[in-house]
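Worksheet: one structure, shown below.
The values are calculated or read from the model by the stated rules, or taken from the named source; none is laboratory data. Only a predicted model underlies this, so the values are computations on that prediction, with no experimental measurement involved. Quick reminder, even Gly has a Cβ in these numbers, built from the backbone with ideal geometry, and neighbours come from all protein chains shown. To get the accessible areas, we keep the full protein, side chains included, count just its heavy atoms, and leave off ligands, DNA and RNA. Shrake-Rupley method; radii C 1.70, N 1.55, O 1.52, S 1.80 Å.
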Amino acid sequence: MNLRIHIPEATEPLPSIRTGNGLLQWISSVDHKQIGIMYLWTAMIFFVIGFVEAMMMRIQLARPENSFLSPEAYNQIFSMHGTTMIFLVLTPIAIGFATYFIPLMIGANEMAFPRLNAFSFWIFLLGGIILYFSYFAGGAPNVGWFSYAPLSEKYYNFTPGVDYWALSILLMGIGTIGAALNFIVTTLTMRAKGMAINQLPLFVWMIFVNAFLILSAFPVLNAGLVMILLDRQLDAHFFTTSTGGSAILWQHVFWVFGHPEVYILALPAFGIVSEVIPVFSRKPIFGYEFIAASSVAIVLLSFGVWAHHMFAVGLGTTFGAFFAATSMLIAVPTGVKIFNWAATMWGGSVHYKTAMLFALALLIDFTIGGLEGVGFAIVPVDWRLTDTYFVVAHIHYVFIGAALTGGFAGAYYWFPKITGRMLSEKLGKWHFWIFFIGFNCTFFVFHFLGMLGMPRRVFTYPDLPYLGSLNMFSTISAGVFGISFVLFFINIFWSLRHGKKAGDNPWQAFTMEWLTTSPPQLKSYEKVPLVKSRRPVWDLDHPEDPDWKRNQKPKTADHDQE
Amino acid sequence: MKDFFNAIRHFFEQQFTSSSEGAYDINHLFLQYLILAAVIFAIVAFMVIAGALKYHSKKRQEVPKQVSGHKTLEITWTVLPLIAVTVFFFLTLKVMKKINRPFKKDQKPDIEIIAHQFWWDMRYPKYGIITANELHIPAGEKLLMRIQSADVIHSWWVPDLGRKTDAVPGHINHSWIDADKPGVYKGTCSEYCGAEHAWMRIKVVAQTREDFDKWVEHQKQIPPAPTDSVAREGAKMFQSMTCANCHAIAGTPANAHIGPDLTHVGSRTTILSGMLTNNLENMKRWLTNPQKVKEGAHMPNFMLTKDQVNALSTYLEELK
């Protein structure tokens, strides 16, 4: 495919706040690297806000019948916490890394649509600002991150919180869709010479299939958001049951988006560990084809599993059976990935760098999260566990255990490329262990709380046996968990100034982004080598044993066609 | 800390002791699932931890053999999980059908549950009784519940007595309830329903058939008119002020069903859906300023004087 888009040669050096009219250059930038960095900063800033909200909830729940927060304040805070962490933290982490590294990893100097790229970021950020503006406009949304109708309708909810919620997610959705389009076109049209689609680095592949998921899921959500805005602003009756609307329709619309969204946030993390584990095992990824194909299976299946969020709604046995089957089935390709990642280490030479430790933590914690998912597919078990703290444990094991842990693996792995300096390994290891222990202590007890009968989204609970002590344990652990993030931020700010110089390829990694300088210049590549295998940098570093030669042996004919 | 370990022990005990048939089926299936999950987790944890330890770079040559896959292994770890989930799919079907026992289309439910923002309306159509928040059932019998909502989505859940069932406006659900032994079982609304979602608790009192019949007889009776002067004053106020616009008391003109039925409110153990113990003092606290006690509940603050509160509370507490 020769759809290369001409981008004018940049002559200025990479702008920064320190050079000349810095801030303005960042705001007006269309450079994918700068936009990627801005996504990552956005994620970090909103993370601090979201974490403060989480700690306020934990303090309120530390003791039964506590009165630290009023019910209304608590309900706003848990809604904002969920919305912030999902849409304003995990999403920009994924998109930020993808925006920065997709062009670099495929040997391109820019995204296919640089202006769309900038537009996507700014409209996304605008969405985030509008969400928080709601606090000043009469009250934040207070109906959770999935705003179930009719509770979110005007009749039951007369502050403008839900309007701001819908509007902000609508904007963020548009931004995300723009980014997804850009990823697809960039991957399809701007690959270096010789790089076949089945030679993409797995991170690029995961983002590529993920982009299709975004393109199919977000428009459904946006349609739903428009419907609820019409209901609230113009008295339409889509979801108002008292006037003939359907409360269940909203659940369908939301979860058709909502369940794929889980994979939208998890797949980029899967992509990151698919890069990190082989590099620190000094081996190619085990079963590339199977990891790549299982991602496609996940994307396709994820559209047929949404109603396992609705087993308690009472939609009948046949309905339950169908969605139980699909939800169980999706565990299989997910399992294939886990096994392949673990197998990559076997027979390798494993280097315990912080990035690798986070990748291994993902394997452990996401296995717990994934197995819980199977539990929710077993309909009778779901009738017991759904809407309890067990589901709160599950969402955190998936979103923290996979998406955020993967994000940290990516941060430690790519920080040297982005900044030119290494993150401190010593601080990093402290960060990792406190994170891992703090996370598991905070959230594992949620399983027990759920089984003991504590429903989710309660601002307080009666003093029933065990609830108090388990909650107190979780709150204290959450404090420990918080320390790990402080260490991470200290590490960033310290390493930006004093970190060891990285050099082009500090990890002896295999993919193209490590060919250019750290940090890359405004124009990343003057020239890129002809790609002959999935590990172009390995081939250059090991001319005696390049991948393409080894893979060539069994089928010679195959290579000639390329 | 001791309490913490007790909690975990209790969690496992809970899986082996069930208070009803529906809960037994769910717990049993949950236990089977827990075993499967534990086995898979152990395999993954072994692969990860043993792999990381055994192939630590210190013990290995810098450049290991470049292996990139193994077809038989791939097929193994695709097919084995597939078999496991297939088994669980059929178990799911079996248990799901068993718990959702069929009933005739025109079958009259034993109990009607109508969920409201932050309280439960409970009716026994066969006996003509209406009560709130505290459900009485005869132990050892399977009863059909009709669950619906008057406003937003709620969810009926008594963990010891079986499945969770959502109360969805515009959508009627049926669910079976039973308890093996007499006892008190606690539950709660488990779909977020607004400000006071946390205080929408459920209490189920399972009784022997005889005790249950006695309770029914008692509930059917119209409460006797108050005798002392303070309560009589309260009764008068109840009808003349706005109380009767939302609440019903059998044997009086008050028959609105917007708020809980108060016919035998004095006989209940708690008020405000399990939030407070039912006694004169708490009733006074509540009537003095409802929004201070249960912020967001739909009962407004009527700015009653101390004497009015006293009279009303005395009257209500006498409705046994």
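In the stretch A:466-484, the count of residues that are within 26 Å of the chain's Cα centre (by Cα) and open to solvent by 40 Å² or more (accessible area, probe 1.4 Å) is one or more. The test for being within 14 Å of chain B (Cβ to nearest Cβ), in contact (Cβ under 8 Å) with a residue 24 or more places away in the chain and of a type in the set (V, I, T) does not hold for A:I102.
Taking the stated definitions as given, is A:R497 touching a helix residue (DSSP H, G or I) at 6+ places or on another chain (Cβ under 6 Å), open to solvent by 10 Å² or more (accessible area, probe 1.4 Å), among the charged types (D, E, K, R) and farther than 30 Å from A:L151 by Cα?
Taking the combined requirement at face value, the residue does not satisfy it.
When you check B:R163 against the structure, is it more than 10 Å from every other protein chain (Cβ to nearest Cβ), open to solvent by 10 Å² or more (accessible area, probe 1.4 Å) and among the charged types (D, E, K, R), yes or no? The answer is no for B:R163. When the stretch B:175-200 is filtered for residues that are part of a strand (DSSP E or B), open to solvent by 10 Å² or more (accessible area, probe 1.4 Å) and at the interface with another protein chain (Cβ under 8 Å from one of its Cβ atoms), only B:K186 remains. Of A:F208, A:F212, all but one fail to be surrounded by fewer than 23 Cβ atoms within 10 Å (Cβ to Cβ) and at pLDDT 95 or above; the exception is A:F212.
Say we look at the stretch A:71-87 and pick out the residues that are over 13 Å from A:F399 (Cβ atoms) and not polar (S, T, N, Q); which of these is nearest to the chain's Cα centre (by Cα)?
Per the stated criteria, the residue is A:M80.
Under the condition of being within 14 Å of chain B (Cβ to nearest Cβ), in contact with a Lys or Arg (Cβ under 8 Å, 6 or more places away or on another chain) and surrounded by fewer than 24 Cβ atoms within 10 Å (Cβ to Cβ), the residues counted in the stretch A:148-178 number 1. At least 1 residues being closer than 29 Å to B:A297 by Cα, in contact (Cβ under 8 Å) with a residue 24 or more places away in the chain and of a type in the set (A, V, I, L, M) is the threshold, and among the strands (runs of 3 or more DSSP E) wholly inside the stretch B:63-151 those reaching it are B:111-116, B:129-132, B:134-138, B:143-149.
The set of residues in the stretch B:93-107 being over 20 Å from B:L161 (Cβ atoms), open to solvent by 60 Å² or more (accessible area, probe 1.4 Å) and within 11 Å of chain A (Cβ to nearest Cβ) consists of B:K94 alone. Do you know which residues across the stretch A:277-300 are within 16 Å of A:G347 (Cα to Cα) and of a type in the set (A, V, I, L, M)? A:I277, A:V279, A:I285, listed by residue number. With respect to being charged (D, E, K, R), touching a residue at least 60 places away in the same chain (Cβ under 8 Å) and open to solvent by 20 Å² or more (accessible area, probe 1.4 Å), A:K527 falls outside the description.
Of all residues in the stretch A:335-346, exactly one satisfies the criterion of being open to solvent by less than 20 Å² (accessible area, probe 1.4 Å), farther than 18 Å from B:L80 by Cα and facing another protein chain (nearest Cβ under 7 Å), namely A:M345.
Here B:V85, B:V67 are screened, and the one residue that is open to solvent by less than 40 Å² (accessible area, probe 1.4 Å) and at the interface with chain A (Cβ under 7 Å from one of its Cβ atoms) is B:V85. Taking the listed residues A:T326, A:T367, the one that is part of a helix (DSSP H, G or I), surrounded by fewer than 23 Cβ atoms within 10 Å (Cβ to Cβ) and hydroxyl-bearing (S, T, Y) is A:T326, with no other qualifying.
If you go through the stretch A:21-36 one residue at a time, how many are part of a helix (DSSP H, G or I) and more than 11 Å from A:P92 (Cβ to Cβ)? Counting residues in the stretch A:21-36 that are part of a helix (DSSP H, G or I) and more than 11 Å from A:P92 (Cβ to Cβ) gives 10. Just one residue in the set A:V313, A:V262, A:V332 is within 13 Å of chain B (Cβ to nearest Cβ), out of contact with any Leu (no Cβ under 7 Å at 6 or more places or on another chain) and aliphatic (A, V, I, L, M); that residue is A:V313.
Screening the stretch B:259-320 for helices (runs of 4 or more DSSP H) wholly inside it with 2 or more residues that are touching a residue at least 24 places away in the same chain (Cβ under 8 Å) and open to solvent by less than 30 Å² (accessible area, probe 1.4 Å) returns the ranges B:280-288, B:306-318.
Scan the stretch B:201-211 for residues that are of a type in the set (A, V, I, L, M) and either in contact with a Cys (Cβ under 9 Å, 6 or more places away or on another chain) or open to solvent by 10 Å² or more (accessible area, probe 1.4 Å) (or both) and the total you get is 2.
Determine which single condition A:D463 fails, assuming it passes every other condition in (1) away from every other protein chain (no Cβ under 14 Å); (2) under 25 Å from A:A73 (Cα atoms); (3) among the acidic types (D, E). A:D463 satisfies every listed condition except (1). Taking the numbered list (1) out of contact with any Lys or Arg (no Cβ under 6 Å at 6 or more places or on another chain); (2) buried (at least 22 other Cβ atoms within 10 Å of the Cβ); (3) touching a residue at least 60 places away in the same chain (Cβ under 8 Å) in turn, A:L131 passes all entries but (3).
Counting only residues that are open to solvent by less than 30 Å² (accessible area, probe 1.4 Å) and part of a helix (DSSP H, G or I), the stretch B:5-36 holds 12 of them.
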